[in-house]
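The values are calculated or read from the model by the stated rules, or taken from the named source; none is laboratory data. Nothing here was measured: the structure is a model prediction, and the numbers come from that model. Cβ: placed from backbone, ideal geometry, glycine included. Neighbour counts: every protein chain shown. We work out accessible area using only protein heavy atoms, side chains counted, and drop any ligands, DNA or RNA first. Shrake-Rupley method; radii C 1.70, N 1.55, O 1.52, S 1.80 Å.
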Amino acid sequence: MATLKPFRAVRPRPDAAARIAAVPYDVVSAAEARELAAAEPLSFLHVSRAEIDLPSGTDPYSEAVYSRAAQNYDALKPRALVQEETASVYLYRLTMGRHVQTGIGGAFSLDEYDRDIIKKHERTRRDKEDDRTKHMLALAAQTGPVFLTYRSSPGSADVNRIVASESAAPPLFDFEAPDGVRHTIWRVSTGGCDGLVAAFQKIPTLYIADGHHRAASAARARRSLHSLNGDRGSTMLAVAFPHDQVQILPYNRIVKDLGGRSPDAFLSAVRERFTVASGPATPARRGEIAMYFGGAWHTLRPRAAPDAADPIGSLDVSVLQEQLLAPILDIADLRTDKRIDFVGGARGTSELETLVASGKAAVAFSLYPVSVGDLMKVSDAGDIMPPKSTWFEPKLRDGLLINPL
């Protein structure tokens, strides 16, 4: 069963929360982070991406970056951060247009992560694990939450009841970020905290939606800290949302060239494997792929239908890879091939059109989003989702809840 633990959060003063809150460290480049934080000295990007305060071109994995991150974090504490006197858990609500999701923020067991009670669906890269592990150890803190989800079911009814009651109180933070997403956080009362801890014992499994590298790094940091204090770093900072509130947007693809084929030869090869018709920029349903090519959108439907019982092979991202990208465009490994790039669904299909029109891409593909149910099926089977198949939106902000180690 899932274990939720209260923790003594380090957090912003309410009047500074909006200034400190920063996009996740891994969704922006160094140049984008530098631009976002340039006019805001309290931005948590100075901590999560400390290379922005060092000379341009600094290796982001150098010891100088982790040292500067620790210096910036220490400088931020007396200016705008406080630590709770008692341990608690939090509610974190994200509002993006009409979409609303409310999760429970707390410390979650790394023992359960190791035992796969907290399930994964993504492979992690060693260099990215090294980065966040060093960052956590330099700061002695986890500064960005992992995004978890769990099945909304009769067993989670007590969670829903407590969330409804506690969110009726005045929030600790409530602000709208520059991207239009509203962030609202409540510190849960003592009674509500005890109730949520008990209620989570009825939830059998948690799933990592976003933040696999943060979770893996927390587990590695714990092993490093074990010799100092056996219980130190035994949890990871996370926010857990019910699955029926989680929103997944498509993770679209662009390809920079046609692999030596002429436009006519490429389209002919596509027609051998797919029916091709004029269609919208966004697929209407699962089983359809939208392709932007030759200045127009086309709807692709595979002539050989995938096995519906295969939780991975039946995904549209797998169909695109196995029936088009690999055999027609010679893109065998999405992780390493530099001819392909990925565009999060939040940027819209107009971004795909712009990239093709500018000559930065030869063809673009817009996908129907993967469902949370798909993700859970793959995780339950112990399998790995195809690379770059899920884009969760809206995203949690760094710096609002910090778990000291």
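Listed values, structure above:
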| read-out | value |
| --- | --- |
| Calculated from backbone phi, Karplus (6.51, -1.76, 1.60) coupling profile of region 80-89 in Hz, x at Gly/Pro | 8, 10, 9, 10, 4, 6, 10, 6, 7, 10 |
| Members of LYS120/LYS395; LYS128/LYS395; LYS119/LYS202; LYS5/LYS388; LYS134/LYS388 lying beyond 28 Å, as alpha-carbon distances in this model show | LYS5/LYS388 |
| Region 178-200 and region 255-296: distance between their alpha carbon centers, rounded to Å | 45 |
| log₁₀ of I(q)/I(0) at q = 0.13 Å⁻¹ - the chain, Debye sum with one point per alpha carbon | -1.15 |
| Extension gain (nm, one decimal) between LYS202 and GLU63, 0.36 nm per residue minus Cα-Cα | 45.7 nm |
| Whole-number accessible area per residue in Å² for the chain, which is evaluated in the context of all protein chains at 1.4 Å | 43 |
| At R0 = 45 Å, FRET efficiency that the Cβ-Cβ distance of ASP341 and THR190 yields, to 0.05 | 0.40 |
| For region 133-252, projected area of the alpha-carbon convex hull averaged over all directions, nm² | 9.9 |
| Long-range amide H partners of ALA9 with built H, under 5 Å | GLU84, SER88 |
| Computed label-point distance, nm, for sites GLU32 and ALA168 using a 7 Å Cα→Cβ extension | 4.1 |
| Carbon + sulfur, % of accessible area of region 143-254 - ligands and nucleic acids excluded, 1.4 Å | 49 |
| Backbone N within region 320-339 under 13 Å of label point (7 Å from ARG261 Cα along the Cβ vector) | 321-331 |
| Label-reachable residues, region 366-382, where backbone N falls under 19 Å from a point 7 Å from SER350's Cα toward its Cβ | 366-367 |
| Hz values of 3J(HN,Hα) by residue in region 163-173 - Karplus curve (6.51, -1.76, 1.60), Gly and Pro given as x | 4, 4, 5, 5, 7, 7, 7, x, x, 6, 10 |
| With every protein chain in place, region 6-107: carbon and sulfur % of accessible area (1.4 Å) | 52 |
